[in-house]
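Down below is the structure, laid out as structure tokens.
The values are calculated or read from the model by the stated rules, or taken from the named source; none is laboratory data. Here the structure is a predicted model, which is why all the values come from computation and not from measurement. Quick reminder, even Gly has a Cβ in these numbers, built from the backbone with ideal geometry, and neighbours come from all protein chains shown. For the accessible areas, the whole protein counts, side chains as well, though only heavy atoms, and no ligand, DNA or RNA atoms are used. Shrake-Rupley method; radii C 1.70, N 1.55, O 1.52, S 1.80 Å.
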Amino acid sequence: MLEHVEGLLKKLELPYRILLLCGGDQSFTSAICYDFEVYSEAQGRWLEVSSVSNFDTYQANRLKCRYRPEGSKKPELCHTLNGSALALPRIVAALLENNQTENGIKIPAALVPYMGCDIID
């Protein structure tokens, strides 16, 4: 999941960073959590655009979601993952802020087929 979100940000040619959250910054349900942030020049700070977490067995316990390992008689709780792709409003803002040129807003190569142009003037 980390590689998927990172791949999206690379294709969009945006400056990003990945943060591994410490225990005090993540919810009590998460075993581990990574936040993806892009830089906002207008706000002068990094903004979260995605989050990927491992909830260990917390959600599975509440759902009673179990599996039986091969050769075992006792079912075990599944581990669950949670992730969002990208927060669209912040991504659009980041694309507009980070791709300004003298001629207009440059469209990342990955979006040109969908936009039908390579620059918004």
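Taking all protein chains into account, the per residue accessible area for the stretch 62-121 stands at 80 Å² (1.4 Å probe).
Of the solvent-accessible surface of the stretch 28-93, computed with a 1.4 Å probe over protein heavy atoms with every protein chain present, carbon and sulfur atoms account for 52 percent.
A Cβ-based charge dipole, computed about the Cα centre of the chain with Lys and Arg at +1 and Asp and Glu at -1, lands at about 860 debye. Considering all projection directions equally, how large on average is the shadow of the alpha-carbon convex hull of the chain, in square nanometres? Hull-based average projected area comes out at 10.4 nm². Rounded to the nearest 10 degrees, what's the angle between the helix 88-98 long axis and the longest principal axis of the chain, both from Cα atoms, 0 to 90? Between the helix axis and the principal axis of the chain, the angle is about 40 degrees. Between V92 and L19, the modelled labels are 2.5 nm apart [label points 7 Å from Cα along Cα→Cβ]. Projecting the Cα atoms of G71, I32, S53 onto the dipole axis of the chain, where Lys and Arg carry +1 and Asp and Glu carry -1 at the beta carbon, places G71 farthest toward the positive end.
Derived scalar couplings between HN and Hα for the stretch 54-67 equal 10, 9, 6, 9, 4, 5, 4, 5, 5, 7, 6, 8, 10, 9 Hz in order, rounded to whole Hz, by the Karplus curve 6.51 cos²θ - 1.76 cosθ + 1.60 (θ = phi - 60°), x for Gly and Pro.
Only helical runs count toward this figure. For the chain, summing -39,500 (n - 2.57) over DSSP H runs of n ≥ 4 and dividing by all residues gives -7000 deg cm²/dmol at 222 nm.
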